[in-house]
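Here the structure is laid out as structure tokens; the discussion comes afterwards.
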2 protein chains.
Amino acid sequence: MAASKDDPIRRSGKLVAMITSPLEPEHAGHIAAAHPDRVELVYRPDLLPPPRYAADHGGDPAWRRTPEQQAEWRRQLGRAEVLWDFAVGETAGPLELSPNLRWVQTTSAGVGQYVKRLGLQESDLIVTTASGVHAQPLAEFVFAALLFHAKRLAHLQAEQRAHRWQRFHAGELRGRVMAIVGPGRIGREVALVARAFGMTVWATARDNDPARAAALGVDRLFARAELPALLAGADCLVLCAPHTPETDGLIDRAELAALKPGAVLVNIARGAVVDEDALIDALREGRVGFAALDVFRAEPLPPDSPLWDLPNVLVSPHSASTADTENAKLTDLFLRNLAHYLDGEIDLMAPVLDKRRLY
Amino acid sequence: MAASKDDPIRRSGKLVAMITSPLEPEHAGHIAAAHPDRVELVYRPDLLPPPRYAADHGGDPAWRRTPEQQAEWRRQLGRAEVLWDFAVGETAGPLELSPNLRWVQTTSAGVGQYVKRLGLQESDLIVTTASGVHAQPLAEFVFAALLFHAKRLAHLQAEQRAHRWQRFHAGELRGRVMAIVGPGRIGREVALVARAFGMTVWATARDNDPARAAALGVDRLFARAELPALLAGADCLVLCAPHTPETDGLIDRAELAALKPGAVLVNIARGAVVDEDALIDALREGRVGFAALDVFRAEPLPPDSPLWDLPNVLVSPHSASTADTENAKLTDLFLRNLAHYLDGEIDLMAPVLDKRRLY
């Protein structure tokens, strides 16, 4: 499929691109100013829920459009060929709402399961994701968590509250083994920093090819069948695999039992990658020494989940990828892709969701 | 000075090396086993205070030798040519206590002022320090603190205590400017990790030579006269300079006023490098957004210091350099230096304290 300039939609006027999740006027202004002769940007913050924090793409869930607003919203969606994000608050399919739709730039990386649920796997729709935009904040979250634990900051905080000066020793990241499940863009960013800290980095892969390990910037790759060896040797396990049928329930009770005793687990993937009940048991027994969790089986994490009160758990409300810099980065990404789209360089658009493999 | 094999002391028997601060038997055993024919290792844990944590080189301050123990301690010190550490609990000069003393391997990096106080600046004593051994734990502490602040972990902890799930945005290290005062071994380690995180790294130096900047692994060097520009542009200021007459009071009220508003300050150098009263004022006003302090004007930090209770301060009891791995590293360092010393390769011993420049 190519979006050529002879396209029937395009010939009748400008390309209609619509912002369908909250975005600051500053960033929308940059987009509107990029191709004023070729693109009509529909930016209607009045039809979008107010954001609760920087890069809140969902917006206030209590907010509702009036019937008049909803009609206008649907009318505009009906004109759009390009969307910034899947339309917030809509349950209807994107291709029904926007018959001209050809490309959606999402603001999330992990949209595979969502695209499957929307029944878009067989469509020609181009879905570019935010994969990569979140790699850096997520990598920073991983090390915030690892260092919080290794440097015993909770102990320091307690000592400080008591005005108590007792020298003590902390742990060290250098020389420890980090195991990364899912060495994609996020995993590679994590590996890069881990090596700067002097850690040994292992990762899962389809095979254990040393050349591929070097290309990924890790010390050793473990094929799927070698997962138990990876778990047994890891001082910390970082989960950043996409949620696919292959990774669903990947870290189950048996895998947690195979982990090196006292290991640290960081989950920035999806809650469904881990058996949460088994993890709670392992944390209570100290078999998992510490866990930093940004994702959960059910989100929001239910108020009565034991995870909230476990002293060796750091709960993050699926916000580890969210930084104050995010929308500026997404705007840059969208503008790069928009320029390619306008020029018919569909093959240069990136990162494109593989609708079959779902990442 | 060379410790040749024709040395009058050495000829009369084995070299006497003495452990004068707490050390695990395992590590002392490695040292004793290295040169059994040439070195007599005096390892008398019964004459040393019990350690309170791994790599506690001071030991329990309440512990005292009995008069008999003190006599034996002094007798052994009198025989020693080589010391592992300056003798714990002694106020007398090392050269008076150990007339044959030629080399001390310290377990600390910042011993310059101590050596000056002991009046050793004019002596021929070789002082090798632990410089480098602490670089990694200190660099890890720096990023533990920076990420604790940037990733708003205190906010996360409060939310977790309240079982509250509210998505939020954190800050990011990538793209921020780190200014390092004192790009020695610790500073270079910090710079290496900072660049892996995608930070821009500036550092102080005698001049602003770009070639030297590249060699140090930083983006830009600032000469002493350019300190205000460095401070004005820095998102975080990491102090890791040795305490010398030149750095005493370096970060005074005027320098804190010149800092970029809201900047983060990490002090892993010495308390005397910063005007503590001015820092407290800057923290109260929020001009300094957050400070992680491992060192203070007076240590232990007095219980009534306002620093304990400031919400934007992390107090660490001069333990940021202390990791569970430290004594193993010090043992390796001592054994390398001992081999050189035995072979008369004094020039290969490292890192040697420059007794004039005091680092």
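Taken together, the values in this text are just the output of simple stated rules run on the coordinates, not laboratory data. Keep in mind the model is a prediction, meaning the values are calculated, not measured. With ideal geometry, Cβ positions are generated from the backbone for all residues, glycine too; neighbour counts draw on all protein chains shown.
Working ranking of peptides B:65-71, A:198-204 by packing, defined as the average number of other Cβ atoms within 10 Å per residue, highest first, is A:198-204, B:65-71. A cut-off of 5 Å between modelled amide H atoms, ignoring neighbours fewer than 5 places along the same chain, links B:Tyr359 with B:Asp354.
In segment A:266-321, a dipole from Cβ-located charges (positive for Lys and Arg, negative for Asp and Glu) runs towards its positive end, and of A:Trp308, A:Ser321, A:Leu279 it is A:Ser321 whose Cα lies farthest in that direction.
Round to the nearest 0.05 the FRET efficiency obtained for A:Ala350 and A:Arg52 when R0 = 30 Å and r is the Cβ-Cβ distance. If you can, show how the numbers build up before the last one.
Working: r = 30 Å, r/R0 = 0.99.
Efficiency, from the Cβ-Cβ distance: 0.50.
Judged by the mean number of other Cβ atoms found within 10 Å, the most tightly packed of the peptides B:315-324, B:142-151 leads the ranking B:142-151, B:315-324.
Distances between placed amide hydrogens fall under 5 Å for B:Leu237 paired with B:Ala179, B:Val264, B:Leu265, B:Val266, all partners being 5 or more residues away or on another chain. Across segment B:248-260, computed HN-Hα scalar couplings (Karplus, 6.51 cos²θ - 1.76 cosθ + 1.60, θ = phi - 60°) run 4, x, 4, 9, 9, 4, 5, 5, 5, 5, 7, 5, 4 Hz from first to last residue, x flagging Gly and Pro.
Counting from the shortest, the label point at A:His163, 7 Å from Cα toward Cβ, is 3.5 nm from the same position in each remaining copy.
Taking beta carbons within 10 Å but only from partner chains, what does the mean come to for residues B:145-152?
Details: counts 4, 4, 10, 7, 1, 6, 11, 3.
That average works out to 6.
Within a straight-line Cα-Cα reach of under 27 Å, A:Lys355 can be paired with the following lysines, leaving aside sequence neighbours fewer than 8 residues apart in one chain: A:Lys5, A:Lys116, A:Lys329.
Counting from the shortest, the label point at A:Asp37, 7 Å from Cα toward Cβ, is 8.9 nm from the same position in each remaining copy.
Classify segment B:135-315 from the C-alpha gyration tensor, please: rounded if a/c falls under 1.5, else prolate or oblate depending on whether a/b exceeds b/c. Because a/c hits 1.5 or more and a/b fails to exceed b/c, segment B:135-315 counts as oblate.
Shielding value for A:153-160 is 6, the average number of Cβ atoms from other chains within 10 Å of each residue's Cβ. Starting from the Cα of B:Glu24, step 7 Å toward the Cβ, then list every residue of segment B:40-54 with an amide N under 14 Å from that point. So the set is B:51-54. Taking one quarter of the surface of the C-alpha convex hull of segment B:275-352 gives a mean projected area of 7.6 nm².
Position A:Tyr114: other-copy label points at 5.7 nm, ordered by increasing distance, label point 7 Å along Cα→C-beta. Relative contact order of segment A:135-315: 17 percent, from C-alpha pairs under 8 Å at least 6 residues apart in sequence. When a/c is below 1.5 the answer is rounded, else prolate if a/b is larger than b/c, else oblate, so apply that to the protein assembly as shown with a ≥ b ≥ c taken from the square roots of the Cα gyration tensor eigenvalues. Prolate.
Answer rounded, prolate or oblate for chain B, using the Cα gyration tensor with square roots of eigenvalues a ≥ b ≥ c: rounded when a/c is under 1.5, else prolate when a/b is larger than b/c, else oblate.
Numbers: a/c = 2.17, a/b = 1.75, b/c = 1.24.
Prolate is the answer for chain B, as a/c is 1.5 or above and a/b outweighs b/c.
About its Cα centre, chain B has a charge dipole of approximately 560 debye under the convention of +1 per Lys or Arg Cβ and -1 per Asp or Glu Cβ, with nothing else charged. Whole-Hz Karplus values for segment A:94-102 come out as x, 6, 6, 6, 10, x, 8, 5, 10 Hz, taken residue by residue from phi with 6.51 cos²θ - 1.76 cosθ + 1.60 and θ = phi - 60°; glycine and proline positions read x.
Across chain A, C-alpha contacts under 8 Å between residues 6 or more apart give a mean separation that, scaled by the residue count, equals a relative contact order of 17 percent. Of all chain B residues, the one whose Cβ lies closest to the rotation axis that maps B onto A, given with that distance rounded to whole Å, is B:Ala196, 2. For the peptide A:312-323, the mean number of other protein chain Cβ atoms found within 10 angstrom of a residue's Cβ is 5. Pop the C-beta distance of A:Ala158 and B:Asp37 into the FRET formula with R0 = 60 Å and round what comes out to the nearest 0.05. For R0 = 60 Å, the calculated efficiency reads 0.75.
Positive end of the dipole of segment B:49-154 (Cβ unit charges, origin at the Cα centre): among B:Ser98, B:Gly110, B:Ala80, the Cα lying farthest that way belongs to B:Gly110. Near the amide H of B:Val16, within less than 5 Å, lie the amide hydrogens of B:Glu40, B:Glu81, B:Val82, all on another chain or at least 5 residues away, with H placed in the peptide plane.
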